[in-house]
Amino acid sequence: MPNEREATANREAVGLDLNTPSADRITKTTCYMCACRCGIKVHLKDGRIRYIEGNRDHPVNKGVLCAKGSAGIMNHYSPARLRKPLRRAGPRGSGEYEEIEWEEALATATEWLGAIRRSDPRKLAFFTGRDQSQALTGWWASQFGTPNHAAHGGFCSVNMAAAGLYSIGGSFWEFGEPDWENTRYFLMFGVAEDHDSNPIKIGLGKLKSRGAAKFVSVNPIRTGYSAIADEWIGIRPGTDGLFILALIQELLRAGKIDEEYLCRYTNAPWLVIQDEGAADHGLFARDAAGQPLVFDAVTQTITAAHQVEARPQLAGSVALADGRQAVPAFHLVAKRCLDPRYAADAVASETGIGADVIRRIAAELAHAAFEQTVVIDQPWTDWAGRRHDRMVGRPVAMHAMRGISAHSNGFHTCRAIHVLQMLLGAVDSPGSFRYKPPFPRPTPPAVKPTGRAADIQPGKPMPGPPLGFPTSPGDLLVEADGTPRRLDKAYSWEAPLAAHGLMHQVIRNAWAGDPHKIDTLFLFMANMSWNSSMNTAGTIDMLTDKDPATDDYKIPRIIYVDAYASEMVAYADLILPDTTYLERWDCISLLDRPICDADGVADSIRQPVVAPDRDVRPFQDVLIDLGARLGLPALVKEDGSPRYPGGYPDYLVHHERRPGVGMLAGWRGAAGDKQGVGPVNEAQLDAYVANGCFWRHEIPADARYFKHVNRAYLDWAVGMGLLDRAEPIVLQLYSEVLQKFRLAAEGHGDVQPPDQHRPRVKTYFDPLPLWYMPFEEAEVARDTFPLHAITQRPMAMYHSWGSQNAWLRQIHGDNRLHIHRATAAKLGIADGDWVAVISHHGRIKVQAKLMDGVNPNTVWTWNAIGKRSGAWNLAPKAGESQHGFLLNHVISELLPERSDGYRYGNSDPVTGQAAWYDLRVRIEKVAAAEGVSEPQFATLPTPPNLPRRPDVLRYGANFRAPAHGDAHVTGDTK
Ligand code: SF4
């Protein structure tokens, strides 16, 4: 990228007039057109946004701006922006509303929520979509007293997060990154193209321009990142675990594993009790102090794992003091991975990857890791005080995301990736995957979910957060008979490690009153009647279904907060309109989803760039206001007055989660001279604004790698308030946590699953890496539904957020079903034909597009482009509704009925992650081609007083001097 001077020279070279100021004000803030949170500079002219550019000083994007970011203008001026609070005036779903004043809206919400809180706080279900305020919303839910809270992680990538946090104390997602500068081999699995978008693009640019690293993309579809990979592996969906385990087998057979790394930094040498049938079978053998034990090959004795002089043995059975046998964890992992079912030849046909390719990739990984070692001349000291002259790394980096995660076998596939990393010694070593602070954290983090009967009292907060990390069955939120306590069944035997909740089950369970009835469903930024739900038509029916006995809706009340007239708006009883991201204070907190990088800790804010021109309020302000009106203890002072009368900016500065730790870590202390931890600074937001709306603090040079065991990092992290204790974080090659749940299923312990769930828990809570066929594929006839159907998220749209964006709609105005040419030829389908897509759940009609770069057994489409007619203030005949479509219509939120009649959720059995990508379909050419996708739903009316859609959009024409007929332009979306 050219610097400012070069950019100026370039502009002058093409004759641009540089003397006319393009803006009379430039304001720095943070983009929110996707979840990357890039720094932006918003140029304003006469109070209107003229253009947006990337902030070159910002740590996330360093000036890079994507199509979405620059098109933020069109989100801001969208004619779909809601304008005033609305109250439902017709039947639910009719879209008939009347405008009301904020006071009435807030009084109504307070009355509804207050009655719940005084009687049974669990009757509030508070779920949020892809927002970045979870540090506030989760805390608010606890203050209210309901455990029924989560954000969108359960239908996004909780498998990735949980497998990482339970295995290596960190995860991919935006919580870690490849060592772009040093890696020699980058293996990427199923990453959505809009995810961590600019950071990954910048990183790939670095990696490819360096020319010394190979980039391999494993993805059924060759678009986006895969299109620029040095090698694309078009794997069959849901079989990545087989591929990874076959790679591990090849590495084990070749002896290409990092034994020293395994012994020093993982639980590979810890002894696992082998006493089939005993209550502690499969648990670690421990000494009287509870320390895990290893067998020292030098002294031939059993000793505590933290004895650094020991040379622990990685294989072979040893006798424990009580006479029972035990083997090192590595022994069990190796035995599992060497199973013939994971041989390259055995997995080739299932994965669609030739055995020769698997062997070659394994050899390339081994070569990069062990023959191309990266050495950084930086002394460091490990947790045990051992001094190392240099940092020596295995330059194999991996990254994975939703393509791995959104399968019912996703948790174990993610864990298999982490096992592969550990075996190669490629976790936070130079050239490998690197943690971004506040990670690594203990495996898993120490926080437990709250929501037992004793935790929920009328009129009282809960004693802890709704979400956390169970480590044994005793941490589950279940009734005495084993039935779930939470509405979404998170932390029950159906989804024990549901660290992000199960948002995709909320509406069904609320409608069914299973496991309990609710009164109010309070949703923020979650388009649950459309692209955020499986079984869309069924969800719409549940939202509008009435109890014949009372003539009341089965979900009695729905409050919805959104900035735009999305499909969900039509199903709410009360709508609280939010601002756009350019009209409010906001916070990207270390307590939430931070913007750190591997070399620095960082957080950021958004500041209002323009004032709202409608009667709307920032959701965060509204939540704080509602909390005060409800008298939530932490939101009111002793005299009952609001604790944060200045709303969210007041909260950002003054709220402390624990002494010295607040929402923002920069410029703390009265003088603003403290970082991470410190007293409140009244001028903190001013300091952020003056610095371009972000704060970043460098990690010391000797603390930047091996963070999980690096003394300097652990001490630094404690000082910054990121860790409670400077103790080593031992990587979990073998998962004792999973074994504890399996033991419960086998009849051990006080908390055991009901009989109905025992086989499932016993099967899937395997402490060793595992692959099994995704549930839908295993349960429907493979011959009847021979194809996989999945979605990709395009770089230019972030879920449904781009739907109303006039500029981005020109990139993705509708979507097609992409089919491999050979597959289409067999079915007699030509480019542009209309086809039926049929699953065990339903049928849609869509238009086909043929291509080569897709697994032949897979069809796919872009995610969330299809819209309901009339939604988002689009024309009723807009391409998004007429030619666009959602795959969601043919995805069931439940698995097929079992022999006992029970239907599990369409989810991973360990975490509850929504299994979007398990979908199996067949496609048939449709004879009649009238040119409209199906299903079609009744056109939604536009909410009151939304502006007219422009017929011709020429935004910005009025910034120029009148010329070329500009005096007559229409459609400057004022
Ligand atoms: S990657 Fe995301 S946050 Fe960054 S500029 Fe693009 S839309 Fe904005």
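State the Cα centre-to-centre distance between the stretch 341-374 and the stretch 215-270 in whole Å.
Each part's Cα centre sits 8 Å from the other's.
Which of the three applies to the stretch 563-639, rounded, prolate or oblate, going by the alpha-carbon gyration tensor with a ≥ b ≥ c and a/c under 1.5 meaning rounded? Mind showing how you got there, number by number?
Values: a/c = 1.90, a/b = 1.23, b/c = 1.55.
Oblate.
Nearest 20 debye, what's the magnitude of the dipole of the stretch 67-167 about its Cα centre given +1 on Lys and Arg Cβ and -1 on Asp and Glu Cβ? Walk me through the numbers before you get to the answer.
Details: 12 positive and 9 negative charges, 57 e Å.
I would put it at about 280 debye.
Using a Förster radius of 41 Å, what is the FRET efficiency between ALA726 and ALA315 based on their Cβ-Cβ separation? Nearest 0.05, please.
Numbers: r = 32 Å, r/R0 = 0.78.
Once rounded, the FRET efficiency stands at 0.80.
Does the stretch 706-790 classify as rounded, prolate or oblate by the C-alpha gyration tensor (a ≥ b ≥ c root eigenvalues; a/c under 1.5 gives rounded; else a/b over b/c gives prolate, otherwise oblate)?
On the way: a/c = 3.61, a/b = 1.75, b/c = 2.07.
The shape class here is oblate.
As an exercise, use a Förster radius of 35 Å and the Cβ-Cβ distance of ASP57 and ALA446 to find the FRET efficiency, rounded to the nearest 0.05.
Taking R0 as 35 Å, the efficiency between ASP57 and ALA446 is 0.45.
Using a cut-off of under 16 Å, list every residue of the stretch 871-885 whose amide N is near the label point 7 Å from the Cα of ASP613 along the Cα-to-beta-carbon line.
Of the residues in the stretch 871-885, none has backbone N under 16 Å from the label point off ASP613.
State, to one decimal in nm, how far the label point of VAL298 lies from the label point of TRP102, with both points 7 Å from Cα in the Cβ direction.
6.9
So, by mean Cβ neighbours within 10 angstrom, what's the order for 151-162, 723-734, 582-593, 650-661 with the highest one leading? Don't skip to the end; give the middle numbers.
Numbers: 151-162: 28.8, 723-734: 19.8, 582-593: 23.1, 650-661: 16.3.
Highest to lowest by the protection proxy: 151-162, 582-593, 723-734, 650-661.
Keeping the other protein chains in place, figure out the carbon and sulfur percent of the accessible area of the chain, with a 1.4 Å probe. Could you put the intermediate results ahead of the total?
Details: 16250 of 32610 Å².
Carbon-and-sulfur percentage of accessible area, whole number: 50.
For each pair in LYS546/LYS762; LYS208/LYS436; LYS206/LYS335, compute the distance between the two Cα atoms and list the pairs where it is over 29 Å. Can you show the working numbers first?
On the way: LYS546/LYS762 39 Å; LYS208/LYS436 22 Å; LYS206/LYS335 39 Å.
Beyond 29 Å: LYS546/LYS762; LYS206/LYS335.
What is the sum of charges around LYS460, taking Lys and Arg as +1, Asp and Glu as -1, for the other residues whose C-beta is under 15 Å from the C-beta of LYS460?
On the way: positive: ARG117, ARG118, ARG122, LYS123, ARG452; negative: ASP120, ASP455.
Local charge sum for LYS460: +3.
Which three numbers, in whole Å and largest first, are the semi-axes of the equivalent ellipsoid of the chain derived from its Cα gyration tensor as √(5λ)? Before the final figure, lay out the partial values.
Values: eigenvalues 353, 211, 201 Å².
The answer is 42, 32, 32 Å, longest axis first.
Write down the percent of antiparallel bridges among all DSSP beta bridges whose residues are both part of the chain, to the nearest 5. Please report the intermediate quantities before stating the final value.
Numbers: 72 of 112 bridges.
Antiparallel bridges: around 65 percent, rounded to the nearest 5.
With a/c under 1.5 counting as rounded, go ahead and sort the stretch 64-184 into rounded, prolate or oblate using the C-alpha gyration tensor (a ≥ b ≥ c being the square roots of the eigenvalues; past the cut-off, prolate if a/b is larger than b/c, else oblate). The partial results should precede the final answer.
On the way: a/c = 3.05, a/b = 1.45, b/c = 2.11.
Verdict is oblate for the stretch 64-184.
Please calculate how many Å² of accessible area the chain carries per residue, with a 1.4 Å probe and no DNA, RNA or ligand atoms counted. Let's see the in-between values first.
On the way: 32610 Å² over 974 residues.
Accessible area per residue, the chain: 33 Å².
For the stretch 887-940 and the stretch 810-853, what is the separation of their C-alpha centers, rounded to whole Å?
That distance is 16 Å.
Counting pairs of alpha carbon atoms under 8 Å apart in space and at least six apart in sequence, what relative contact order in percent does the stretch 271-310 give?
Working: 53 pairs, mean separation 11.0, N = 40.
Relative contact order comes out at 27 percent.
Could you list the trypsin sites (Lys or Arg not before Pro) in the stretch 846-940 that lie in coil according to DSSP, counting only those with at most 16 other Cβ atoms within 10 Å of their Cβ? Intermediate values should be presented prior to the final figure.
Working: sites: LYS849, LYS867, ARG868, LYS877, ARG898, ARG903, ARG920, ARG922, LYS925; in loops: LYS867, ARG868, LYS877, ARG898, ARG903.
Here the trypsin sites (Lys or Arg not before Pro) that fit, given the DSSP loop and packing criteria, are LYS877, ARG898, ARG903.
Net charge near TRP916: determine it from the other residues with C-beta under 14 Å of the C-beta of TRP916, scoring Lys and Arg +1 and Asp and Glu -1.
Cβ neighbours under 14 Å give a net charge of -2.
Show me 803-812, 226-235 ranked by packing, highest mean number of other Cβ atoms within 10 Å first. Before the final figure, lay out the partial values.
Working: 803-812: 21.7, 226-235: 18.7.
My ranking of the peptides, most packed first, is 803-812, 226-235.
Need one number: nm distance between label points at SER899 and GLU682, each 7 Å from Cα along Cα→Cβ, rounded to one decimal.
7.3
Any chance you could check the Cα centroid distance between the stretch 609-634 and the stretch 471-530 for me, in angstrom?
Value for the Cα centre distance between the two parts: 27 Å.
Could you give P(r) for the stretch 740-864, binned at 5 Å from zero, as whole percent values over all Cα-Cα pairs?
With a bin width of 5 Å, the distribution comes to 2, 9, 14, 14, 13, 12, 9, 9, 8, 6, 3, 1, 0.
Find the relative contact order for the chain and round it to a whole percent, using C-alpha pairs within less than 8 Å whose residues are 6+ positions apart.
On the way: 2327 pairs, mean separation 165.9, N = 974.
Computed value for the chain: 17 percent relative contact order.
Kindly state, to the nearest 0.05, the FRET efficiency for ALA778 paired with ASP389, given R0 = 60 Å and r defined as their beta-carbon distance.
Using R0 = 60 Å, I get an efficiency of 0.70.
Could you pull out the chymotrypsin sites (Phe, Trp or Tyr not before Pro) across the stretch 861-957 that fall in loop regions by DSSP (anything but H, G, I, E, B) with no more than 14 other Cβ atoms inside 10 Å? Intermediate results must be reported in sequence, preceding the final value.
Values: sites: TRP862, TRP872, PHE885, TYR902, TYR904, TRP916, TYR917, PHE937, TYR955; in loops: PHE885, TYR902, TYR904, PHE937, TYR955.
For chymotrypsin sites (Phe, Trp or Tyr not before Pro) across the stretch 861-957 that sit outside H, G, I, E and B with at most 14 neighbouring Cβ atoms in 10 Å, the list reads TYR902.
Could you work out how far apart the two model spin labels at ASP275 and HIS654 are, taking each label as a point 7 Å from the Cα in the direction of the beta carbon, and quote it in nm?
Result: 5.8 nm between the two label points.
Report the per residue volume, in Å³, of the convex hull enclosing the C-alpha atoms of the stretch 109-168.
In the stretch 109-168, the Cα hull volume divided by residue count equals 99 Å³.
Heavy-atom accessible area of HIS407 with all protein chains present, probe 1.4 Å, nearest 10 Å²?
HIS407 exposes around 10 Å² with every protein chain in place.
Long-range amide H contacts for GLU893: which residues qualify at under 5 Å (H placed 1.01 Å from N, peptide plane, sequence gap of 5 or more or a different chain)?
Close amide H contacts, sequence-distant or interchain: ASN535.
The values are calculated or read from the model by the stated rules, or taken from the named source; none is laboratory data. Source: prediction; values computed, not measured. Cβ: placed from backbone, ideal geometry, glycine included. Neighbour counts: every protein chain shown. Note: accessible area is taken over every heavy atom of the protein model, side chains too, but ligands, DNA and RNA are not part of it. Shrake-Rupley method; radii C 1.70, N 1.55, O 1.52, S 1.80 Å.
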